[in-house]
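Here it is, the structure in full.
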Amino acid sequence: MKPKVAFFDFTGCEGCQLDALNLSPEDFFDLVGVIDFVNFREVMTEKSDDYDIAFIEGSITRESEIPRIQKIRQQAKVLVAMGACACDGGVNCLKNHIPMDEALRIVYGKDAKYYDTMPARPVRAVVPVDYYVRGCPPVTAEFLKVVKALLVGKKPEIPNYPVCVECKMADNICAFERSTTCLGPVTRAGCGAICVTSGRHCFGCRGLVDDPNIDSEKEILQKYGLTVEQVLEKFKIYNTCSEVAK
Amino acid sequence: MAKNVETTAKPAPDVAEAKKLFTITRAGFKSMVDGLAKEMDIVGVKEKQGKFVYGKISSFDELRLDYDVTTMPPTRFLMPARETLLKFSTGNDPRFEPVVDTRPMAIIGVHPYDISAIAMLDKVFTSVNPDPNYIARRKNTILIAVDTLSPSSKSFANAMGTRIVEKGFDLLLTDIGTSYVVTIGSKKGADLLAKYAAPKEAAGNDIAMQKEVRDEALSKYTISLDIPKESLLKLLEENYDNPYWESRSKTCLSCGSCVMVCPTCFCFDVQDDVALNLKEGERFRRWDGCILADFARVATGENFRHDKASRFRHRIFRKGKYIFEKYGMAGCVGCGRCANACLAEIASPLEAFNAIAESARAKEAAARIMKEVRAQAELYVPQPAKLVKITTLGAKEKAFEFKLKSGKPLRHRPGQFVEISVPGIGEAPISVSSSPTRGDTFQLAIRNVGNITNAIHDLKEGAAVGIRGPFGNGFPLEAIAGKDLLFLCAGIGLFPLRSLIQYVLDKRDAYSRVIILSAARTPADMMFTNEQAEWSKRSDVEFLNTVDKADANWKGNVGVITTLIPKVKIDPRKTVAVVVGPPIMYRFAIVELKKRDIPDENIVMSLERRMKCGVGKCGHCQINGVYVCQEGPVFNLAQLRSLREAV
């Protein structure tokens with residue numbers, strides 16, 4: 001019996017769903033050979049409420065989303081948060097820095113009264129999450145890694161070390177040595193340091209490692225010329241809900 | 001393809017005569033590299049974004065052999081970041097197929113310290129439980145080394161004995177400008193040389209030139225070990241519990257950069273990657289390292305090196321001790337890559353070795369002093385000292401320079417004091433105001449305020465006095481290492497503090513910022529004005545001074561010392577404030593420093609008390625239960641908070 005897999009989107013751009021299936025034809029057919037998709041808005045019209053594994057995309061930002069995610073949690077044997085919004089709140093949490101009615105007014109203008117909103121939060125703030133596929137967007141290979149781990153019945157080996165490790169493996173010149181600054185030293189690896197490898201720096205989209213040395217990272221960012229405000233802005237982009245952007 | 005390497009087109013120079021040196025021209029070297037490139041993969045040093053890296057090259061012209069150091073070591077081609085160990089099939093009849101990479105490869109431009117690192121890895125991977133994956137790659141790799149002619153500023157290969165290598169390579173080239181002097185390290189190397197590079201036996205002046213460029217390179221190393229490499233084992237063994245590990249690792253990011261860039265690090269993790277069809281897969285290893293948080297975590301959740309300090313210490317112990325004990329070669333070759341890569345600037349094993357050595361010396365010196373004091377049959381008998389120089393400092397202040405008649409240095413720590421005797425007048429406790437780093441004499445700066453100081457002020461150069469000590473704890477040298485130091489000296493508080501300031505400036509690299517705030521009642525009361533002027537001119541010292549009352553010529557700050565504190569930028573997490581001045585000043589200084597969030601432990605003061613014996617007997621100096629002459633005179637605020645009578 002192939003496990004039934006469902007994708008659900010909450011508040012987010014749905015890019016994670018696209019990324020999950022950004023596969024070679026061979027991989028795609030291998031994948032549907034081992035699992036059954038029963039609910040996946042981006043790629044199919046049928047829907048079923050009978051599933052084993054739920055992938056959740058997006059953060060929780062409206063009251064009405066709470067009962068919905070609770071119901072999914074009840075049904076799913078395994079619940080996986082997918083992408084920065086679901087895992088850590090993501091960029092949606094940027095609105096948490098201003099009052100909610102102001103956020104509504106900025107986005108919806110005079111129609112603001114028709115909408116409700118609340119401070120954005122990661123899925124784990126509402127229901128227990130079993131596994132995470134992090135990143136904005138997530139790495140397809142890591143999505144597959146988690147799927148395969150679930151299929152063979154093991155805990156996926158997701159790094160708890162910072163991006164620096166993979167950056168060195170990729171033989172990159174450190175972003176700090178290229179006169180820019182980087183959140184790599186405190187951000188969870190698993191992306192293969194893709195941004196630094198492409199000539200940018202780490203924005204922290206995969207969230208923090210379990211025990212990040214935030215004080216030291218802030219000190220280093222300041223040593224490399226950032227003001228306290230700039231340091232906090234850097235952390236805010238993806239890590240507002242992680243208490244470090246304060 | 002590998003067999004091409006084994007064939008010899010021309011008769012090879014005799015390896016038995018490998019001691020013999022050859023020279024080749026640049027064109028000869030080029031034809032060797034370009035020829036090899038047709039036979040196998042060539043890895044060489046090239047430039048990338050202003051730094052140097054090892055990477056695949058296709059022609060000689062891409063090489064940059066004038067490099068200082070590469071960001072990553074060449075060992076990544078012998079032990080890749082990720083490599084497949086075996087392929088497997090799943091199910092009821094699982095199969096395991098080993099995967100070994102035997103493609104031939106040449107690595108060009110390897111510096112001697114990396115040759116040493118590879119020799120160490122050879123030992124690790126071949127001595128016990130030979131590692132087939134490493135051995136296969138190593139056997140099919142040609143190493144063409146070049147001498148380091150412009151060492152990296154963080155390199156200490158000179159101290160680790162890896163600056164020059166005699167073996168471990170196939171060929172070693174020394175760039176002498178017009179041509180290369182070549183040392184042959186293997187038959188493979190000799191064959192290669194003969195086949196492509198048209199070697200000539202090196203002439204006498206070429207060999208002289210090789211020595212000259214090597215000597216010139218040696219002069220470019222700016223840092224070194226303060227102790228013989230051989231004493232590292234014992235030093236580390238005795239300093240497992242040194243507070244350094246805890247204090248220095250506070251800013252460690254556990255980011256892994258130090259171990260990833262290390263040419264001698266070889267630890268790895270092994271994982272299975274199953275294919276999507278779930279029927280087959282591969283088992284691979286990838287780099288791992290002991291500085292990473294989860295390196296020693298087991299499935300039950302327990303982590304056997306759970307804190308940064310224990311991981312930091314473990315890494316340094318591997319570099320200086322464990323590897324050596326197991327394999328007979330130091331685990332650090334002194335390339336300096338970790339020091340370059342560490343954003344927190346704490347990774348250099350050299351720094352750790354030297355800091356531990358320094359604290360061990362300080363401890364030893366303290367023990368020796370205690371022993372010597374104890375060994376003194378007569379506790380109260382001074383040793384004779386000669387007054388060698390008098391310098392007038394102010395209306396009532398002079399600096400007296402003494403030399404012990406035994407010829408031995410005083411061996412004091414900054415902040416300690418001596419009991420000075422003028423027979424017939426008496427004995428007085430005086431802080432040493434010079435640093436132990438400044439030679440065999442020591443200076444006592446003394447204000448003429450009482451009987452004994454008056455008698456000392458009357459002495460002439462050449463006169464004899466008695467000296468007991470040094471006594472007291474002195475300033476906490478271990479606790480201030482690596483910190484931002486904020487010195488507050490008011491009035492003749494400068495006298496004891498000067499010994500520490502001189503000490504810190506003599507070991508300037510061991511500290512972060514140095515900020516000196518100096519105050520006196522009037523410009524005429526400023527002491528050691530020339531020396532203070534020198535401090536103010538240094539670019540690595542932030543200096544501010546003030547007077548309570550200005551005179552006509554004074555153009556600087558006016559106000560008490562505490563008015564200077566708001567003028568300086570302070571990072572409370574890494575600053576230690578050292579405060580010495582009149583008793584009244586301490587309370588105000590503490591208030592100002594606490595406004596800047598400096599923790600109590602990092603506010604250090606030297607207290608004045610009446611001291612007669614200096615050896616914890618007479619009782620004059622006691623504050624509550626504490627003898628200032630023994631447990632003091634230096635205390636931090638946390639200690640003083642429990643001493644109600646202190647300030």
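The values are calculated or read from the model by the stated rules, or taken from the named source; none is laboratory data. The shown structure was predicted, so the numbers you read here are calculated from the model rather than taken from an experiment. Cβ atoms come from the backbone with ideal geometry, glycine included; neighbour counts cover every protein chain shown. Ligands, DNA and RNA are excluded from the accessible area calculation, which covers all protein heavy atoms including side chains. Shrake-Rupley method; radii C 1.70, N 1.55, O 1.52, S 1.80 Å.
Under the Karplus relation 6.51 cos²θ - 1.76 cosθ + 1.60, θ = phi - 60°, what is the ordered set of whole-Hz ³J(HN,Hα) values for segment B:51-60, x standing for Gly and Pro?
Calculated HN-Hα couplings, in order: 10, 10, 9, 8, x, 4, 10, 10, 8, 4 Hz.
With an 8 Å Cα cut-off and a minimum separation of 6 or more residues, compute the relative contact order for chain B in percent.
Relative contact order for chain B comes out at 10 percent.
For segment A:49-66, in order, what is each residue's ³J(HN,Hα) by Karplus, 6.51 cos²θ - 1.76 cosθ + 1.60 with θ = phi - 60°, in whole Hz (x at glycine and Pro)?
Per residue, the Karplus-derived 3J(HN,Hα) values read 9, 10, 8, 9, 10, 10, 9, 10, 10, x, 9, 9, 10, 9, 3, 5, 6, 5 Hz.
Give me the angle, in degrees from 0 to 90, between the Cα long axis of helix B:187-196 and the longest principal axis of the Cα atoms of chain B, rounded to the nearest 10.
That helix lies at roughly 70 degrees to the long axis.
To the nearest Å, what is the center-to-center distance of segment B:263-284 and segment B:67-131, using C-alpha atoms only?
Segment B:263-284 and segment B:67-131 have Cα centres spaced 14 Å from each other.
Rounded to the nearest 0.05, what FRET efficiency do A:Val32 and A:Arg200 have when you use their Cβ-Cβ distance and R0 = 30 Å?
So, using R0 = 30 Å, E works out to roughly 0.30.
Only helical DSSP H runs with n ≥ 4 go in: add -39500 (n - 2.57) per run for chain B, normalise by residue count and round the 222 nm mean residue ellipticity to 500 deg cm²/dmol.
-8000 deg cm²/dmol
Taking the Cα centre of the protein assembly as shown as origin, work out the dipole magnitude from +1 charges on Lys and Arg Cβ and -1 charges on Asp and Glu Cβ, in debye rounded to 20.
Taking the Cα centre of the protein assembly as shown as origin, the dipole is about 2100 debye.
Please give me the summed charge of the neighbours of B:Ile570: other residues whose Cβ is under 11 Å from its Cβ, Lys and Arg +1, Asp and Glu -1.
Once all neighbours under 11 Å are counted, the net charge is +2.
To continue, here is another question. Once you order the gyration tensor axes a ≥ b ≥ c over the Cα atoms, which shape class does segment B:264-417 get: rounded for a/c under 1.5, otherwise prolate or oblate by comparing a/b with b/c?
prolate
Here's something else I'd like to know. Based on the Cβ-Cβ distance from A:Asp215 to B:Ala638, what FRET efficiency comes out when R0 is 25 Å, to the nearest 0.05?
Once rounded, the FRET efficiency stands at 0.75.
A further question follows. Where in segment B:512-550 does the amide nitrogen come within less than 18 Å of the point 7 Å from the Cα of B:Val558, taken along Cα to Cβ?
B:519-526, B:545-550, by backbone N distance to the label point.
Let me ask something else. Normalised by the residues of segment B:491-647, what does the relative contact order come to in percent, with Cα pairs under 8 Å and at least six apart?
For segment B:491-647, the relative contact order is 17 percent.
Here is a further query. What size of dipole, in debye to the nearest 20, comes out for segment B:383-471 about its Cα centre when the only charges are +1 on Lys and Arg C-beta atoms and -1 on Asp and Glu C-beta atoms?
Computed about the Cα centre, the dipole is about 240 debye.
Continuing with this model, one more query. Taking 22 Å as R0, compute the FRET efficiency from the Cβ-Cβ separation of B:Ala198 and B:Lys56 and round it to 0.05.
The value I calculate is 0.25.
Moving to a separate point now. Would you mind listing how long segment B:383-471 runs along its three principal axes, going by Cα atoms, in whole Å with the largest first?
28, 26, 23
Something else: Within chain A, what is the longest stretch that has no GluC sites (Glu not before Pro) placed in a DSSP loop and near at most 11 other beta-carbon atoms within 10 Å?
Segment A:64-242 is the longest.
Per residue, how much accessible area does the protein assembly as shown show when a 1.4 Å probe rolls over the protein heavy atoms, in square angstrom?
Counting only protein heavy atoms, the per-residue value for the protein assembly as shown is 44 Å².
Same structure again: Which one, B:Val604, B:Leu500, B:Val560, is farthest towards the positive end of the dipole of segment B:477-606 when Lys and Arg carry +1 and Asp and Glu -1 on their Cβ?
Value computed over the given set: B:Val560.
How many lysine pairs are close in segment A:4-152, with Cα atoms under 18 Å apart and the two 8 or more places apart or on different chains?
Close lysine pairs under the 18 Å cut-off: 9.
Can you give the local net charge around B:Val53? Use residues other than it whose beta-carbon is closer than 9 angstrom to its beta-carbon, Lys and Arg +1, Asp and Glu -1.
Around B:Val53, the charge tally is +1.
A further question follows. What does the charge count near A:Arg124 come to, summing +1 for each Lys or Arg and -1 for each Asp or Glu among other residues with Cβ under 13 Å from its Cβ?
Summing Lys and Arg as +1 and Asp and Glu as -1 gives +1.
Continuing with the same structure: Quick one: what does P(r) look like for chain B with 10 Å bins over all Cα pairs, in whole %?
Spelled out per bin, shortest first, that is 3, 13, 20, 19, 15, 13, 10, 6, 2, 0.
Once you put a point 7 Å from the Cα of A:Lys71 and another 7 Å from the Cα of B:Glu212, both along the Cβ direction, what distance in nm separates them?
Here the answer is 8.8 nm between the modelled labels.
If we sort B:442-450, B:332-340 on the protection proxy, mean other Cβ atoms within 10 Å, highest first, what's the order?
Averaged packing, sorted descending, gives the order B:332-340, B:442-450.
Roughly how many Å is it from the Cα centre of segment B:548-596 to that of segment A:177-243, as a whole number?
36 Å
Continuing with the same structure: Considering every residue in B:79-86, what mean count of other chain Cβ atoms within 10 Å of its Cβ is obtained?
Mean shielding count: 1.
Here is a follow-up. Can you work out ³J(HN,Hα) from phi for every residue in segment A:138-154, in order, using Karplus 6.51 cos²θ - 1.76 cosθ + 1.60 and θ = phi - 60°, giving whole Hz and x for Gly and Pro?
Listing the rounded values in order: x, 8, 4, 4, 6, 4, 5, 4, 5, 4, 5, 4, 5, 5, 8, x, 10 Hz.
Further question on the same structure: Under 5 Å between amide hydrogens, which residues at least 5 positions from B:Arg305 or on another chain qualify, with H placed 1.01 Å from N in the peptide plane?
It is B:Ala296, by chain and number.
Oh, and also: So, by mean Cβ neighbours within 10 angstrom, what's the order for B:86-96, B:169-179, B:46-56 with the highest one leading?
Descending mean neighbour count gives B:169-179, B:46-56, B:86-96.
To the nearest 10 degrees, how steeply does helix B:494-506 sit against the main Cα axis of chain B, on a 0 to 90 scale?
For B:494-506 against chain B, the angle is about 10 degrees.
Next up: Between 0 and 90 degrees, rounded to the nearest ten: what's the tilt of helix B:349-375 against the longest Cα principal axis of chain B?
That works out to roughly 40 degrees.
Could you calculate the contour length gain from B:Lys405 to B:Lys123, that is, 0.36 nm times the residue separation minus the distance between their Cα atoms, to one decimal place in nm?
Working it through step by step, the gained length comes to 96.1 nm.
Which value at 222 nm does chain A reach when only helices count, each DSSP H run of 4 or more adding -39,500 (n - 2.57), with the total divided by all residues and rounded to the nearest 500 deg cm²/dmol?
Mean residue ellipticity at 222 nm (helix-derived): -10000 deg cm²/dmol.
Can you pull the one-decimal nm distance between simple spin-label points at B:Asp66 and B:Val298, each 7 Å off the Cα toward Cβ?
Each label point is offset 7 Å from its Cα along the Cβ direction, giving 5.6 nm.
Next question, about the same structure. When you take every Cα atom in segment B:451-552, what is the radius of gyration, and what is Dmax, the widest Cα pair distance, in Å?
Considering segment B:451-552 through its Cα atoms, Rg and Dmax are 16.1, 44 Å.
Mean separation of Cα pairs under 8 Å and 6+ residues apart, divided by the residue count of segment B:15-218: what relative contact order is that in percent?
29 percent
Pick out, from B:Tyr196, B:Gln210, B:Val181, the residue whose Cα sits farthest towards the positive end of the charge dipole of segment B:172-217, with +1 on the Cβ of Lys and Arg and -1 on the Cβ of Asp and Glu.
Value: B:Tyr196.
Got a number for carbon plus sulfur as a percent of the protein assembly as shown's accessible area, 1.4 Å probe?
The C+S portion of the solvent-accessible surface of the protein assembly as shown is 53 percent.
On a C-alpha basis, how far is the centre of segment B:422-490 from the centre of segment A:40-106 in Å? Whole number, if you could?
71 Å
For the pair B:Lys229/B:His306, report the inter-label distance in nm, with labels modelled 7 Å from Cα in the Cβ direction.
The two pseudo-label positions are separated by 3.9 nm.
Please work out whether the protein assembly as shown counts as rounded, prolate or oblate from its C-alpha gyration tensor, where a ≥ b ≥ c are the square roots of the eigenvalues and a/c under 1.5 means rounded, while otherwise a/b larger than b/c means prolate and anything else oblate?
Oblate shape, in that a/c is at least 1.5 and b/c is the bigger or equal ratio.
Placing unit charges on C-beta atoms (Lys and Arg positive, Asp and Glu negative, everything else neutral), compute the dipole magnitude of segment B:477-606 about its Cα centre in debye, rounded to 20.
Charge dipole, segment B:477-606, about its Cα centre: 280 debye, nearest 20.
From the residues B:Gln49, B:Ala106, B:Tyr67, which one has its Cα farthest along the dipole of segment B:45-135 in the positive direction, the dipole being from +1 and -1 charges on Cβ of Lys/Arg and Asp/Glu about the Cα centre?
Towards the positive end, the residue furthest out is B:Gln49.
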